[in-house]
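Notes follow once the structure below has been shown.
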Amino acid sequence: MTRLTPAEAHALPDALIVDIRPLHNRLAEGEIENSVVVERIVLEWRLDPTGDWRLPGFTADTPVVVVCNEGYSSSLAARDLQRIGLPNATDLIGGYRAWRAAGLPVREGGTQAVV
């Protein structure tokens, strides 16, 4: 899996950026602008490209960038997404904190997660 830097992820206009961080982290630190918040426990279910309960608006070919706090659990989640048929799933090197440190767009945290 080729992981992305914050600048590389930001440069992908059609990417689905998926924030899997817990609510308390998102409230304290914010969220990536235009990201979708998906609880980790339902991630594969909601992004399965063949599933009836998948999120609308993306295909198996859509680049998916998974984000956690520092880029550890997101690597495992992206690997799992590749295994269920999302070959362009990857994660963000350094996680949300690297994105924020790079000065890229963020919003106030607390967005309702997809469950």
- Is it the case that Gly103 is of a type outside the set (S, T, N, Q), without any contact (Cβ under 8 Å) to a residue 40 or more places away in the chain and over 23 Å from Thr2 (Cα atoms)? no
- Task: Return yes or no: is Thr90 more than 18 Å from Glu8 (Cβ to Cβ), touching a strand residue (DSSP E or B) at 6+ places or on another chain (Cβ under 9 Å) and not basic (Lys, Arg)?
- Result: no
- Query: Any chance region 36-46 includes a residue that's touching a Pro at 6+ places or on another chain (Cβ under 9 Å) and either of a type in the set (Phe, Trp, Tyr) or outside any helix (DSSP H, G or I) (or both)?
  - Reply: yes
- Say we look at region 93-115 and pick out the residues that are touching a Pro at 6+ places or on another chain (Cβ under 6 Å) and part of a helix (DSSP H, G or I); which of these is surrounded by the fewest Cβ atoms within 10 Å (Cβ to Cβ)? Ala98
- Message: Given (1) of a type in the set (Ser, Thr, Tyr); (2) at pLDDT below 95; (3) assigned to a strand (DSSP E or B), identify the lone condition not met by Thr90.
- Response: (2)
- Message: Given the criteria over 25 Å from Gly110 (Cβ atoms) and surrounded by 17 or more Cβ atoms within 10 Å (Cβ to Cβ), does Leu47 qualify?
- Response: no
- Assess whether Glu33 counts as being farther than 16 Å from Arg3 by Cα, under 12 Å from the mean Cα position of the chain (by Cα), of a type in the set (Asp, Glu) and modelled with pLDDT of 95 or more. yes
- The residue from Arg21, Arg3 that alone is closer than 17 Å to Val115 by Cα, of a type in the set (Lys, Arg) and modelled with pLDDT of 95 or more is Arg21
- Out of curiosity, is Pro13 closer than 18 Å to Leu104 by Cβ and free of Cβ contacts under 8 Å to residues at least 12 places away in the same chain? yes
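The values are calculated or read from the model by the stated rules, or taken from the named source; none is laboratory data. Keep in mind that this is a model prediction, so the values were computed, not measured. In this analysis, Cβ positions are derived from the backbone assuming ideal geometry, glycine residues included, and neighbour counts consider all displayed protein chains.
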